[in-house]
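The values are calculated or read from the model by the stated rules, or taken from the named source; none is laboratory data. In this text the structure is predicted, and so the values were computed from the model without any measurement. Cβ atoms come from the backbone with ideal geometry, glycine included; neighbour counts cover every protein chain shown. SASA here: full protein model, heavy atoms, side chains in, ligands and nucleic acids out. Shrake-Rupley method; radii C 1.70, N 1.55, O 1.52, S 1.80 Å.
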Amino acid sequence: MLLVFLLTTFSKWSLLPIRNLVRPSQGTHIVIDKKFLGEDDALMIPETDDGRVLFGVPWHDHILLGTTDTPLDIHTIEPRPLEEEVEFILSTAKTYLNPAPTRKDILSVFAGLRPLAAPKDENSKSTKEISRDHKLITSKSGLITITGGKWTTYRKMAEDTVNKAIEIGKLTDAPCITKTLKIHGYLEDKQEGHWQIYGTDADLIKDLAIKNPELNQKIHPKFDYIAAEVVWAVRNEMARRLEDVLARRMRMLFLDAKAAMEAAPVVVHIMANELDQTESWKEEELQQFLALGKHYSYEA
């Protein structure tokens with residue numbers, strides 16, 4: 001009888017509506033050649049025709065144009081840009097850029113999801129009015145949940161969460177050090193070119209190329225990335241997949257999808273040697289990356 005009661009009770013509870021803590025919103029970006037804006041200037045359109053914000057900023061020697069704000073009811077781990085989002089970005093940019101980029105000028109297109117903290121009004125369909133700030137929620141058991149926020153406020157998010165944990169857990173209080181905490185590779189002097197993303201690691205990577213001249217070769221003629229960077233990513237940055245290197249370490253997939261797919265055979269060969277992998281592994285990695293790359297390339 002107790003088992004029947006528990007099952008019946010659980011069944012009733014499972015039917016109760018649960019308010020979503022996060023409202024996903026998709027933002028799409030396109031990448032174009034730097035000739036459309038230059039290397040020193042950025043563009044922000046504070047209010048487009050539908051009340052959104054659009055920006056154009058120099059990014060890794062290219063121009064990043066975005067973004068959109070599309071509410072989603074169904075989302076995937078690899079979000080896909082919508083045609084209407086690409087059209088919105090291009091049509092808005094056309095008013096401000098001369099020459100104006102067209103579909104054939106798109107080097108890469110990609111979308112990301114914002115985990116917006118859901119508003120109390122669940123019937124709201126718009127995400128434009130939802131605050132981008134993070135929210136802290138504490139349950140009766142003391143569980144702390146953080147929702148919303150964004151990459152640019154990650155330190156503040158962490159600080160608020162730790163402070164709340166100190167309060168709830170009655171832990172020994174201590175001043176937060178995040179404002180002065182230096183990240184790995186911190187360097188006051190800016191490195192030239194793409195080396196600036198490595199900080200102090202740049203010299204170590206260059207040393208690899210000096211000791212082994214073969215590693216000084218470019219992996220693609222359109223980019224300054226060299227083979228030593230692939231080796232460094234495998235040995236020191238836990239890169240294990242072709243996508244890890246060309247998307248998450250070098251960003252080439254986001255900058256020029258076609259170039260990334262062209263560089264893939266060279267990069268996977270270097271990785272296979274470092275990881276002592278087989279020919280079948282190389283082929284599988286290559287095919288998976290090429291399939292992924294097609295989603296980032298945009299055919300006019």
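Some notes on this structure:
- Oblate is the label for the range 187-300, because a/c, from the alpha-carbon gyration tensor with a ≥ b ≥ c as root eigenvalues, is 1.5 or above and a/b does not exceed b/c.
- One chain, two ends: Lys190 and Lys156. Fully extended at 0.36 nm per residue, the span grows by 9.7 nm beyond their Cα-Cα distance.
- Residue among Ala263, Ala42, Ala117 with the largest mean-square fluctuation in a Gaussian network model of the chain, springs linking Cα atoms under 10 Å: Ala42
- Accessible surface of the range 125-250 [probe 1.4 Å, protein heavy atoms]: carbon and sulfur percent: 55
- Between the entries (i) 25, 51, 22, 2; (ii) 29, 58, 13, 0; (iii) 20, 37, 26, 16, 1, the label attached to P(r) over Cα pairs in 20 Å bins from 0, in percent calculated for this structure is (i).
- Of Lys94/Lys294; Lys150/Lys179; Lys140/Lys164, those spanning more than 23 Å from alpha-carbon to alpha-carbon: Lys94/Lys294
- Think of the chain as a dipole: +1 on every Lys or Arg Cβ, -1 on every Asp or Glu Cβ, centred on the Cα centre; then among Val22, Gly293, Ile77, Val22 lies furthest on the positive end.
- Highest-fluctuation residue, Leu107, Leu187, Leu64 considered, GNM on the chain with Cα pairs under 10 Å: Leu187
- Average Cα contact separation per residue, the chain, under 8 Å, 6 or more apart, as relative contact order %: 16
- Spin-label model distance (nm) - Ser91 vs Gln277, 7 Å beyond Cα toward Cβ: 4.3
- Cα-based shape type of the range 237-285, given that a ≥ b ≥ c are square roots of the gyration tensor eigenvalues and the cut on a/c is 1.5: oblate
- Measuring gaps between exposed loop sites in the chain (GluC sites (Glu not before Pro); DSSP loop; at most 12 other Cβ atoms within 10 Å), the longest gap, sites not included, is 193-298.
- For the chain: accessible area per residue (Å², 1.4 Å): 63
- Shape category assigned to the range 12-99 from the gyration tensor of Cα positions, a/c cut at 1.5: prolate
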